[in-house]
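Undergrad: Right, I'll just put the structure down here and ask away after.
The values are calculated or read from the model by the stated rules, or taken from the named source; none is laboratory data. This is a predicted model, so every value here is computed, not measured. Cβ coordinates were reconstructed from backbone atoms using ideal geometry, including for glycine residues, and neighbour counts include every protein chain displayed. What goes into the accessible areas is simple: the full protein's heavy atoms, side chains included, and nothing from ligands, DNA or RNA. Shrake-Rupley method; radii C 1.70, N 1.55, O 1.52, S 1.80 Å.
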Amino acid sequence: MQVTFRIKCHTVFGQMLYVLIDEEPPLQMIYDSDFVWAVDFMCEKSVLNYHFKVADESGKTIFEELQGHTVAVSDTLASLLITDELELSNLYSVFQTTPFTKCMYAHTVEPFVQIENGQYVFEVLAPTILPSQTIAVTGNLPQLGEWQQAFPLRYAGNGLWRYVIAKQKIQECAEYKFVICDFFSKSILKWEHGYNRRICFDENCKYISSQIVRCRFRDNFLFRGAGVAIPVFSLRSKESCGVGDFYDLKLMVDWAAATGQQLIQILPINDTTNTKTNGDSYPYSANSVYALHLMYVRLEALGLLKDKSFLKTYQQQKDSLNNSKFVDYQSVVKIKEAYLKQLYRQERQTVFAKRSYQQFFTKNKNWLVPYAVFSVLREQNKTSIFHLWKHLSVFVPEQVGQFAEQNAKEVGFYYFVQYYLSQQLQEVREYAHSKGVVLKGDLPIGISRYSVDAWMYPNLFHLDKQAGAPPDDFSVKGQNWGFPTYNWEEMAQNGFSWWKSRFANMANYFDAYRIDHILGFFRIWEIPTHAVWGLLGTFNLAMPLSREEIERYGVHFDEETFLTPYITDSVLEEVCGADKDWIFDFLDIRQCGVYQLKNEFDTQQKIHKFFSENGFLEKQPQHYEILMMLQTEVLFIRDTTNKELFHPRINLHTTKLFVSLDHNMQAALARLHEDFFYHRHTEFWKQQALNKLPYMLKASKMLVCGEDLGMVPTSVPEVMAQLQILSLEIQRMPKEFGVEFIDPHSTPYMSVCTTGSHDMATLRGWWKENSERTQRYYNTMLHCEGEAPEECTAEMAEKILSQQLESNSMWTILPLQDYLAVSDELKSEDIDSERINNPANPHHFWCYRMHITLEKLLEAATFNEKIRNLIVEYRK
């Protein structure tokens, strides 16, 4: 079969258009005229999968479609002509993600009939057509209704509509337009604006497809949605067991639908079981990127226990836990696990015989079996630190399979629990879709170093490093998350299959997801394992400096001085004051008036261990802080892979050594620091992201949002725009230097606008943190005169929420706590208890819980009507 592409694409001089067919090398097209590109080739395939890209003269990709196209043809077809109109924008691809195609703009996909000889096909990409509407075509030919009748198109899925003209020869040119019709009455509701479309039929070519013609309906792509952000564990209902569960999400869906919202954003819900203490409450430290946490299962939906005595005890404990103001994590996990083990003994044979269970096991066994074995071994060894295990400390697939068979009863418990968790969450997703609401998940940037994934794939991670974040408004010390960093080179060897599998698994439950710390795909802040604070980290990947490069900035590079903690008499007097005798127990004299930390205290981990084991963290916190700070008193950090290369320490201008230098040296170091962190890596980090993200994103059709906060490289917005990843815009955390607050009306359309994240104080909490800042916000952003009120009143909260909802962003997703702030009757009296996390504290207890039940929230008719009216007024 001869295939001909004729593509209209507005390229500029020097650019080339390519068509990529299946897995074959890109096929270069030839420029004809009037922005039309063409190519002919022979093809034996009956199904053609293709997409386009534009590259410059050097071969660098400038634009590539995110969504591909498919044509299925008869085996007897001799020739195929495909005429397309290609726009160098992926905006349409956003609306081809599952929140729109499976929920808000869902239509029944009609079976695709294979194209036969003599058939002509009209196709239009129109993904934002309401379920109560349909697309039709009308034109000047009898087969197109002669402008008097419109023929409905068949929905082919993924936002694409198709109309096939019956077999007969048509040798004239046709003019036509697409229209939107009411699905039931078929009456025309809206015509395309602009000129009539035109197509000339070629009698020698048997099939014509306008594959990516875009609809031209005014205002159809101005979707502006609203949503709510709340962790599942924070939900409270009458049926809860001290923690929110998946079925509580159904009530949250009801509230979202009642108030005109279309999305619920949650935090990670993976299993974090490690010590079975409150330390496991950290949702970003999962022991499996697939397994769900057992605390989210609704126990009563699984069936009642026959053991009446246990059931009575359980009910008493459940009532007690449900009355708690916070999530008593370890108690919740203990009682739920006990219930599940009782139920497992009672029901396992029945459950394992179910067809649905067997399908679940077959689909997920590649991760499920290792996870279950890992969990059993953790219990047997009383630790998740797998290299301390007596048996299977190293993952060996054959031995893991044997262990699973030999310990089938113990291992089967985890199969049983994961099956029910998966069933319930998928049920909630379907329920949400029925209400026009989608679930947005959260993809943590890291994994626990004592996780199933680290056990199975140690080669994919740098287990001798720690991930974190450089200093920012959250923490002047930087953040140390404790996660191992990724070995990207190793991951690339198999096409990032670990990531693709992870994304595909999320698509079972969610229609959208937030990539936690998307900056980690450009570069990650990597901290040596001997450090506790994030200040001693460096970026990976990075281009460290040679001695010669450093000296070109006018810096006389003194390795011993610049790489060794700067501790002198004057420094000690400044940080310790008159009471400094104690510190000499930790120091050795290096030379007159200059000191170094003793070997037993020469890393932050050693200092932390000493103070922790001797109870000094509580007794002498100031001494601890001083010693930890002295460890960071360096100007440069040696590269771990090449000892002849160096990284400037982040914020080196805050060090005592920097202050002691002359002005010329300070200026030289400042230039070096500015260039290294803000200019040197721009293109390098951009390419790192483009080497990874496009491959991973193709694993699902979910809507992707990126958490792009903190120290953001200048190339990040460009890459996110190219890949159609929504950015995160928080009014009190602007990305533009010198700007204190974001104007919501200026946010990019491809973004999520919000008042804050789980890492921040709530709106009311933030209001009282800094009265001078609040006063500026009150006057400049709320445009109010006079003195700001001491607290964020319901009136102020409503004004702020109105601004957020009126933003230019595609989505406004607000924390539930900030929604409740507009109601004096519903808002919590304890403002501080509403904060979910404090990132400055790596041991924070994640225990926030709604102070009212979801049932009460649903009954708050006046409040719900107010929220709905705000959303209708500002979002629609």
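Undergrad: Within straight cross-link reach of Lys876, meaning Cα distance under 16 Å, which aspartates and glutamates are found once same-chain residues fewer than 8 apart are removed?
TA: Lys876 reaches Asp219, Glu806, Glu865.
Undergrad: Could you list which residues have their amide H under 5 Å from that of Leu587, counting only those 5 or more apart in sequence or on another chain, with H placed in the peptide plane?
TA: Lys598
Undergrad: Let me ask something additional. Using a ≥ b ≥ c from the Cα gyration tensor of region 523-589 (square roots of the eigenvalues), is it rounded, prolate or oblate, where a/c under 1.5 gives rounded and otherwise the larger of a/b and b/c decides, a/b for prolate?
TA: oblate
Undergrad: So, one more: Give the residue from Tyr695, Phe677, Thr654 lying farthest towards the positive end of the charge dipole for region 637-698; charges sit on Cβ (+1 for Lys and Arg, -1 for Asp and Glu) and the dipole is referred to the Cα centre.
TA: Tyr695
Undergrad: Here is a follow-up. Report the relative contact order of the chain, percent, no decimals, based on alpha-carbon pairs under 8 angstrom and at least 6 residues apart.
TA: With pairs under 8 Å counted, the relative contact order is 11 percent.
Undergrad: Out of (i) 100, 78, 71; (ii) 89, 68, 62; (iii) 83, 68, 56, which label holds the value of Cα extents along the principal axes in Å that was computed here?
TA: (i)
Undergrad: Would you mind checking region 819-840 for residues with the amide N under 13 Å from a putative spin-label position 7 Å along Cα→C-beta of Lys768?
TA: 828-835
Undergrad: Provide the FRET efficiency to the nearest 0.05 for the Leu91-Met711 pair, computing r from the beta carbons and using R0 = 30 Å.
TA: 0.60
Undergrad: To the nearest 20 Debye, how big is the dipole of region 223-298 about its Cα centre, given +1 on the beta carbon of each Lys and Arg and -1 on that of each Asp and Glu?
TA: 140
Undergrad: Tell me whether region 251-308 comes out rounded, prolate or oblate; compute the Cα gyration tensor, take square roots of the eigenvalues as a ≥ b ≥ c, and use a/c under 1.5 as the rounded threshold.
TA: Oblate, because a/c is 1.5 or more while a/b does not exceed b/c.
Undergrad: Shifting gears a bit: What does the accessible area of Asp22 come to, in Å² to the nearest 10, when a probe of 1.4 Å is used?
TA: Probe radius 1.4 Å; accessible area of Asp22 about 50 Å².
Undergrad: Considering only C-alpha atoms, what is the centroid distance from region 118-149 to region 240-285, in Å?
TA: Centre-to-centre (Cα) distance: 44 Å.
Undergrad: To continue, here is another question. Tell me, how many Å apart are the Cα centres for region 696-766 and for region 622-648?
TA: 31
Undergrad: Against the globular-protein guess of 2.2 N^0.38 Å, express the Cα radius of gyration of region 344-466 as a ratio, rounded to two decimals.
TA: 1.22
Undergrad: Which of the listed residues, Val39, Gly244, Ala542, is farthest toward the dipole's positive end in the chain, when Lys, Arg count +1 and Asp, Glu count -1 at the beta-carbon?
TA: The one lying farthest along the dipole's positive direction is Gly244.
Undergrad: Which FRET efficiency value, to the nearest 0.05, is calculated for Leu130 and Asn838 with the Förster distance at 41 angstrom and r the Cβ-Cβ distance?
TA: 0.45
Undergrad: Still on this structure, please answer the following. Scan around Leu814 for amide H atoms under 5 Å from its own, H built in the peptide plane at 1.01 Å from N, and keep only partners 5 or more places away or cross-chain.
TA: Here Gly227, Val228, Ala229 satisfy the definition.
Undergrad: Sticking with this one: What list of ³J(HN,Hα) couplings, whole Hz, do you get for region 433-444 from phi and the Karplus terms 6.51, -1.76, 1.60, once you set θ to phi - 60° and write x for glycine and proline?
TA: 4, 5, 9, x, 10, 10, 9, 10, x, 9, 9, x
Undergrad: By a straight-distance test (C-alpha under 13 Å), which aspartates and glutamates pair with Lys102 as possible cross-link partners, with residues fewer than eight away in the same chain excluded?
TA: Lys102 reaches Glu430, Asp511.
Undergrad: Can you flag which of Lys354/Lys701; Lys276/Lys606; Lys250/Lys799; Lys477/Lys735; Lys8/Lys177 are past 24 Å Cα-Cα?
TA: Lys354/Lys701; Lys276/Lys606; Lys250/Lys799
Undergrad: Expressed as a whole number of Å, what is the distance separating the alpha-carbon centroids of region 320-384 and region 521-567?
TA: Result: 45 Å between the Cα centres.
Undergrad: Still on this structure: Around Tyr247, which amide H atoms from residues at least 5 apart in sequence, or from another chain, sit under 5 Å from its own amide H, with H modelled in the peptide plane?
TA: Sorted by chain and number, the residues that satisfy this are Arg298.
Undergrad: Can you compute the modelled spin-label distance between Leu388 and Asn779, with each label point 7 Å from Cα toward Cβ, in nm?
TA: That separation, rounded to one decimal, is 5.7 nm.
Undergrad: Now a separate question. As an exercise, use a Förster radius of 45 Å and the Cβ-Cβ distance of Glu347 and Lys53 to find the FRET efficiency, rounded to the nearest 0.05.
TA: E(calc), rounded to 0.05, equals 0.25.
Undergrad: Straight distance only, please: which lysines reach the Cα of Lys609 with their own Cα at less than 17 Å, same-chain residues fewer than 8 apart left out?
TA: Lys598, Lys619
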